[in-house]
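One structure below.
The values are calculated or read from the model by the stated rules, or taken from the named source; none is laboratory data. All figures in this text were calculated on a predicted structure; none of them were measured in a lab. Backbone-built Cβ (ideal geometry, glycine too); neighbour counts: all protein chains shown.
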Amino acid sequence: MIKASELKDKNIDELVKQVKNLKQELFNLRFQHRTGQLENTSALSKTKKNIARVLTVLTEQKNK
């Protein structure tokens, strides 16, 4: 799990890159889930929450 305090130290470019990586990871998890290969289904919700955290911090930094 990613902590918001860790994200606040990063700049906007790093946060955008992290969002892209997390969205790619979410795509892969969904694909594994559909094909029946995913054993840890809680990884889907954790990844979604991590994306939301990063986007929240990104929005806060853009509004400063």
Does the stretch 31-55 hold any residues that are surrounded by fewer than 12 Cβ atoms within 10 Å (Cβ to Cβ), among the polar types (S, T, N, Q) and outside any loop (DSSP other than H, G, I, E, B), and which are they?
Thr35, Ser42, Ser45
How many residues does the stretch 12-25 contain that are within 12 Å of Val57 (Cα to Cα) and either touching a residue at least 24 places away in the same chain (Cβ under 8 Å) or surrounded by 14 or more Cβ atoms within 10 Å (Cβ to Cβ) (or both)?
5
Asn28 vs (1) part of a helix (DSSP H, G or I); (2) in contact with a helix residue (DSSP H, G or I) (Cβ under 7 Å, 6 or more places away or on another chain); (3) loosely packed, with under 14 Cβ neighbours inside 10 Å; (4) not small (Gly, Ala, Ser): all pass except (2)
Those residues of the stretch 6-25 which are in a helix (DSSP H, G or I) and either modelled with pLDDT under 95 or of a type in the set (A, V, I, L, M, F, W, C) (or both), in sequence order
Glu6, Leu7, Ile12, Leu15, Val16, Val19, Leu22
